[in-house]
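Worksheet: the structure to be examined is printed underneath.
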Amino acid sequence: MEKKSLTRRDFVKIAGVAAGASLLAACQATATPETITVEKTVVVTQEVEVPVEVETTVEVEKVVTATPLPTEPPEPVVMDVWWNTNIPDLAALAGWAPDAENEYFKTMWYWGGLGYTKFQPFVEAHPGVTLNITSHSWDWDLRQNQLMALAAGLIPDTTYGEAYVNEFVQLGVYSPLSQDVANLFAEGSYAGSLVDGKVYGLPKSSGADVLFINLTKYDEAGLDRTKLPTTWEELVTACQAIQKINTNDKWGNTCYYTYGPGGDSYGQAMRILHWFNQAGAPIGDNVGVPNINDPKAVDVWLFHNQLMWTSTEQLILQSESEGGSGKLFNDGVIAIKPGWNNDATSVGEGNIDATAIPFPIPPGGKPATIVIGNDMESAFIDGKYPDLAISLVEESTTNEEAQAFLADNAGIWIPALKSQLEQYETYDRLGGYKTDIAKNMVRVTMQQLLEGGSGPLPGWPKNGSRIWSAWNTTYGNIWQKNLGAEEIKAELDALQTTVEGLVAKSG
């Protein structure tokens with residue numbers, strides 16, 4: 001039997017039939033014929049001495065035919081929405097407040113306020129629709145939960161994600177969304193959901209990498225803060241100058257920092273792949289075809305090693321968290337680092353003179369950033385209400401109040417709608433970032449997302465965590481051994497072969 005999706009128009013019709021059926025049920029007569037007795041008194045006056053009354057009884061037979069009810073009432077429309085937190089009762093969230101003592105804030109953090117801002121207008125616009133909103137973790141765990149749901153046939157209507165969105169797009173389980181709606185967003189914010197020119201996910205929030213500079217350390221090294229680096233060579237020269245004068249007992253001589261390699265996370269890659277994109281050597285395309293051993297990639301790794309070795313191995317391997325590296329940046333242990341808008345939240349917690357700039361560019365290169373913290377929402381084709389699922393994604397992600405909510409309250413993220421990003425020079429809904437310096441740094445991330453954002457990561461169709469584990473191992477070999485060009489090319493050739501095998505292998 002062909003599966004029929006419930007459109008919004010169908011839903012309104014069904015709701016109307018249900019209301020009519022209820023009215024009929026209250027008013028119907030039985031189908032058995034009944035006899036109705038009507039008594040009528042007729043008074044006839046004659047010119048006689050004694051009046052005579054004539055009483056007449058008339059029997060009338062009336063048949064009432066009942067209208068049959070539908071055999072089954074329509075099922076209530078309850079959409080299964082996978083999201084960042086559990087929301088048992090959306091209406092109750094009208095009492096949410098960003099207060100540590102608020103019961104909803106305690107259990108849902110800022111997701112509670114965003115959920116009400118984002119979803120309540122949708123349920124008001126679609127009478128009779130309710131949302132079952134549940135959380136299913138993040139990253140690898142979310143990926144596993146989605147695969148298990150698909151295998152079990154327990155498919156929600158909508159879901160969320162970041163690095164593994166494109167993998168599910170390639171599985172063919174998401175509905176395509178309107179290109180007209182997608183055009184409202186910065187292209188980089190939905191690039192990770194693009195396949196064959198169609199868009200399969202839209203962002204509820206986003207972010208972008210830029211270069212953070214501690215200006216106090218820049219000054220101490222005798223560098224001119226009015227002439228910040230615009231090329232790779234200038235960046236390396238500045239980092240080496242800062243390293244010479246910036247030292248402490250625990251960390252040694254330090255300047256540059258980014259996440260060191262290790263594990264099976266894609267987080268390390270998200271902090272450095274902009275360098276490869278700038279040089280025209282992306283490590284893979286949007287559908288996961290690897291390009292890891294591109295000859296131009298060797299020069300990128302050589303440049304990156306120069307940056308990395310302006311700090312100690314101890315620093316690179318022991319401050320691998322945004323909070324930890326943010327504090328060390330505020331303290332001046334780290335003077336220059338790639339950072340996204342979340343790092344500006346940490347900057348806002350310190351009394352620091354800092355700025356953010358677009359990434360310096362190599363000779364013949366182009367501007368690029370990596371979209372990071374990009375939280376996508378998609379509609380499943382085989383959920384219970386696929387048409388309503390598309391409406392939910394499109395209507396709720398384009399809600400301007402919802403797009404502004406996290407930046408204005410939690411910090412960490414920025415909007416993805418072009419109409420808001422285009423205001424980056426004066427955009428003031430940045431209440432989650434606590435200082436003017438932090439807000440100005442966030443505005444730079446907004447500009448970069450608008451003008452130069454690319455998809456977050458290659459869309460590996462299989463074995464994502466195993467691929468990132470292999471990539472991190474190669475990253476560690478190249479950096480920790482400070483390899484030369486020929487050795488780097490050999491490492492990249494081996495990794496290319498490994499990734500090709502993993503992409504082709506089930507798992």
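Give region 241-250 a look and list any residue that's surrounded by fewer than 18 Cβ atoms within 10 Å (Cβ to Cβ) and either closer than 21 Å to G326 by Cα or outside the structural domain of M308 (by TED's automatic domain parsing) (or both), or say none.
Selection gives I245, T247, N248, D249, K250.
How many residues does region 370-382 contain that are touching a helix residue (DSSP H, G or I) at 6+ places or on another chain (Cβ under 7 Å) and either aromatic (F, W, Y) or surrounded by 22 or more Cβ atoms within 10 Å (Cβ to Cβ) (or both)?
The qualifying residues number 9.
For region 101-159, name all the residues that are within 19 Å of the chain's Cα centre (by Cα), among the hydrophobic types (A, V, I, L, M, F, W, C) and within 14 Å of D89 (Cβ to Cβ).
Correct list: M108, F119, L131, I133.
From S346, S325, which residue is part of a helix (DSSP H, G or I), without any contact (Cβ under 8 Å) to a residue 60 or more places away in the chain and buried (at least 19 other Cβ atoms within 10 Å of the Cβ)?
After ruling out the rest, the residue left standing is S346.
Just a yes or no: is a residue in region 292-308 under 28 Å from the mean Cα position of the chain (by Cα), in the same structural domain as T231 (by TED's automatic domain parsing) and not in a strand (DSSP E or B)?
Yes, there is a match, as at least one residue in region 292-308 is under 28 Å from the mean Cα position of the chain (by Cα), in the same structural domain as T231 (by TED's automatic domain parsing) and not in a strand (DSSP E or B).
Restricting to region 106-131, name every residue that is within 21 Å of A410 (Cα to Cα) and in contact with an Asp or Glu (Cβ under 6 Å, 6 or more places away or on another chain).
If the condition is that a residue be within 21 Å of A410 (Cα to Cα) and in contact with an Asp or Glu (Cβ under 6 Å, 6 or more places away or on another chain), then T117 is the only one that fits.
Hey, which of the helices (runs of 4 or more DSSP H) in region 132-235, taking only ones fully inside, have at least 2 residues that are not assigned by TED's automatic domain parsing to the domain that holds H274?
Those helices (runs of 4 or more DSSP H) span 139-152, 165-171, 179-182, 187-190.
Could you list, in sequence order, the residues of region 349-369 that are among the polar types (S, T, N, Q) and surrounded by fewer than 22 Cβ atoms within 10 Å (Cβ to Cβ)?
Scanning region 349-369 gives N351, T355.
Can you find even one residue in region 252-273 that is crowded, with 23+ Cβ neighbours inside 10 Å and assigned to a helix (DSSP H, G or I)?
Yes, region 252-273 contains at least one residue that is crowded, with 23+ Cβ neighbours inside 10 Å and assigned to a helix (DSSP H, G or I).
Which one of the conditions (1) at positive phi; (2) among the hydroxyl-bearing types (S, T, Y); (3) in contact with a Ser or Thr (Cβ under 9 Å, 6 or more places away or on another chain) does S137 fail to meet, given that it meets all the rest?
Unmet for S137, out of (1) at positive phi; (2) among the hydroxyl-bearing types (S, T, Y); (3) in contact with a Ser or Thr (Cβ under 9 Å, 6 or more places away or on another chain): (3).
Which members of region 84-131 meet the condition of being surrounded by fewer than 19 Cβ atoms within 10 Å (Cβ to Cβ), part of a strand (DSSP E or B) and aliphatic (A, V, I, L, M)?
Those that are surrounded by fewer than 19 Cβ atoms within 10 Å (Cβ to Cβ), part of a strand (DSSP E or B) and aliphatic (A, V, I, L, M): none in region 84-131.
The values are calculated or read from the model by the stated rules, or taken from the named source; none is laboratory data. Just so you know, these numbers come straight off a predicted model, no measurement behind them. With ideal geometry, Cβ positions are generated from the backbone for all residues, glycine too; neighbour counts draw on all protein chains shown.
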